[in-house]
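Novice: Below are the structure tokens for one structure; questions will follow.
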Amino acid sequence: MARVPSIPAWSVALAAWLVAAPAWGFCRSTTCDPRKADCLRDEEGCKLTGLPLAWRTGCPGLSLSPRGTRNVDAAEVERVLSASMASWSALSCGEPGAASFAWARLAPSSCGVGYRRELPNANVLLFRDDAWPHPGAENTLAFTTVTYDVATGEILDSDTEVNAAQNPLTTGDVGVKFDLQSILTHELGHALGLSHSADPTATMYATYDRGATSLRTLTPDDVDAVCEAYPPDRGAPCLPTPANGFSADCTESAPPDDGGGCALGHGSPTPPACVACLALLLVASRGRRRGRHA
Ligand SMILES: [Zn+2]
């Protein structure tokens with residue numbers, strides 16, 4: 001006969017859960033596209049429907065655009081990018097061991113933003129020095145575009161653009177304006193499949209105070225998110241090269257039926273893909289400029 005907990009036992013369990021549950025926490029991006037469906041969300045705006053996004057590989061490869069940025073020395077960009085990548089890599093999940101995720105570095109690539117089905121790709125970081133191609137140029141710091149398989153949630157490609165045309169980026173610990181390492185660390189969290197956390201101390205929190213460097217350092221909430229998305233026992237091999245191969249310039253020809261974006265792959269062996277875009281926005285707050293990620 002199945003055992004059914006008595007009412008007092010349920011009460012104790014519920015009370016313990018209510019005490020233990022955090023008031024806020026991390027949130028993962030999912031396949032539910034609010035442009036196409038009503039996505040069920042919790043009270044903090046975290047999507048409850050759709051499959052959570054994650055890379056299948058244990059170490060997706062990132063490429064820096066060879067153009068760099070004229071606003072920050074190339075060696076400094078290298079140092080800051082490496083530090084931001086390391087922040088999310090091989091995190092300790094406690095007793096089970098390290099998370100089965102680490103960013104890998106690939107050769108520079110001048111590919112633009114987006115994913116090309118059946119063709120080589122690159123996950124790029126690029127700087128927009130002259131003009132910002134998205135809405136909200138005045139209050140946008142960065143923008144990450146994630147392309148994923150709508151059937152499985154597998155991330156196929158991620159590209160991050162930094163708005164260096166509008167914002168004075170800095171990399172040091174003094175005279176900080178818009179801290180590049182904070183921006184990149186946050187955006188790399190989006191690139192690995194995380195949405196915004198309701199924890200105001202987290203790197204993945206939706207706002208950034210001008211002059212702050214705190215987003216450089218992950219909090220336990222950020223670590224919990226990675227450990228859920230990439231548990232130590234996942235058994236994922238380290239395959240940094242994109243599934244269709246790596247491209248240094250994305251000049252290869254597209255097949256005639258390539259629909260790109262959210263088009264369904266009729267007759268194609270590759271899965272349909274969709275795009276999630278997450279931007280880092282600035283809003284005025286008490287005389288300071290704060291960053292908010294939409
Ligand atoms: Zn964001």
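Novice: Does the stretch 207-235 hold any residues that are over 20 Å from Ser100 (Cβ atoms) and of a type in the set (A, V, I, L, M), and which are they?
Specialist: Those that are over 20 Å from Ser100 (Cβ atoms) and of a type in the set (A, V, I, L, M): Ala212, Leu215.
Novice: Which of the following residues is touching a residue at least 12 places away in the same chain (Cβ under 8 Å), open to solvent by 40 Å² or more (accessible area, probe 1.4 Å), closer than 22 Å to Leu218 by Cα and not small (Gly, Ala, Ser): Arg70, Arg116, Arg79?
Specialist: Values: Arg70 fails: closer than 22 Å to Leu218 by Cα; Arg116 fails: closer than 22 Å to Leu218 by Cα.
The match here is Arg79.
Novice: All but one of (1) modelled with pLDDT under 95; (2) open to solvent by less than 30 Å² (accessible area, probe 1.4 Å); (3) more than 18 Å from Trp103 (Cα to Cα) hold for Met204; state the number of the condition that does not hold.
Specialist: Going through (1) modelled with pLDDT under 95; (2) open to solvent by less than 30 Å² (accessible area, probe 1.4 Å); (3) more than 18 Å from Trp103 (Cα to Cα) one by one, Met204 breaks only (3).
Novice: Here's something else I'd like to know. Within the stretch 162-169, identify whether any single residue is farther than 25 Å from Glu78 by Cβ, more than 14 Å from the ligand (Cβ to nearest atom) and over 12 Å from the mean Cα position of the chain (by Cα), and answer yes or no.
Specialist: Within the stretch 162-169, the first condition is being farther than 25 Å from Glu78 by Cβ, and the residues that meet it are none.
No, every residue in the stretch 162-169 fails to be farther than 25 Å from Glu78 by Cβ, more than 14 Å from the ligand (Cβ to nearest atom) and over 12 Å from the mean Cα position of the chain (by Cα).
Novice: Which residue pairs have Cβ atoms under 9 Å apart, sit 6 or more places apart or on different chains, and have a first residue in the stretch 234-253 that is farther than 16 Å from Ile155 by Cα and in contact (Cβ under 8 Å) with a residue 12 or more places away in the chain and a second that is open to solvent by 70 Å² or more (accessible area, probe 1.4 Å) and assigned to a helix (DSSP H, G or I)?
Specialist: Note: no pairs meet the criteria.
Novice: Of all the residues that make up the stretch 174-220, how many are closer than 22 Å to Leu53 by Cβ and assigned to a helix (DSSP H, G or I)? Give the derivation first.
Specialist: If we filter the stretch 174-220 for residues that are closer than 22 Å to Leu53 by Cβ, which is where we start, we get 183-199, 202-206, 215, 218-220.
Of the ones still in play, those that are also assigned to a helix (DSSP H, G or I) are 183-191, 215, 220.
The qualifying residues number 11.
Novice: Taking the condition of being under 17 Å from Val223 (Cβ atoms) and open to solvent by less than 30 Å² (accessible area, probe 1.4 Å), how many residues in the stretch 44-54 meet it? Full working, then the answer.
Specialist: To start, the set of residues in the stretch 44-54 that are under 17 Å from Val223 (Cβ atoms) comprises 52, 54.
Now restrict to residues that are open to solvent by less than 30 Å² (accessible area, probe 1.4 Å): 54.
Count: 1.
Novice: Being at pLDDT 95 or above and loosely packed, with under 15 Cβ neighbours inside 10 Å narrows it down to one of Gly287, Gly267, Gly245, so name that one.
Specialist: On the way: Gly287 fails: at pLDDT 95 or above; Gly267 fails: at pLDDT 95 or above.
Unique residue meeting the criteria: Gly245.
The values are calculated or read from the model by the stated rules, or taken from the named source; none is laboratory data. Since we're looking at a predicted model, the values are computed, not measured. Glycine also receives a Cβ, built like all others from the backbone with ideal geometry; neighbour counts cover every protein chain displayed. With ligands, DNA and RNA removed, areas are computed over all heavy atoms of the protein, side chains included. Shrake-Rupley method; radii C 1.70, N 1.55, O 1.52, S 1.80 Å.
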